[in-house]
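See structure below.
Nothing in this text is a laboratory measurement; each read-out follows from the coordinates by a stated rule. Values in this document were obtained by computation on a predicted structure and should not be read as measured data. As a convention, Cβ positions derive from the backbone with ideal geometry for all residues, glycine included, and neighbour counts pool all protein chains shown.
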Amino acid sequence: MKQDIHPKTYRPVVFKDMSNGTTFLCRSTAHSTEKIVWEADGQEYPVIKLEISNTSHPFYTGKNVLVDTAGRIDKFNKRYEKKAK
């Protein structure tokens, strides 16, 4: 393994899932100007906003999200129908 390639400035950061409001504290090098007070210890930490996490991802929750495949098929057929004529 290569030596000294990993950052040395890990700090505690709160990650917040914006789809369901779940938060968790972890160490990261990600930069953020926003801060949030962590409920468990009352201290203020930088917050990184996530669109999806393990608490909202369909793979982990077991809930499937329906995708509009009919609209995609119609779009595909319409596109190649013009070229065939």
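Under the condition of being of a type in the set (A, V, I, L, M) and in a loop (DSSP other than H, G, I, E, B), which residue from the stretch 37-59 is farthest from the chain's Cα centre (by Cα)? Only one residue fits best here, namely 40.
Pairs meeting the criteria (first residue in the stretch 24-48 and free of Cβ contacts under 8 Å to residues at least 24 places away in the same chain and on the phi < 0 side of the Ramachandran plot, second residue among the aromatic types (Phe, Trp, Tyr) and not in a strand (DSSP E or B), beta carbons under 9 Å, at least 6 apart or on different chains) are 25/38; 27/10; 28/10; 29/10; 44/38.
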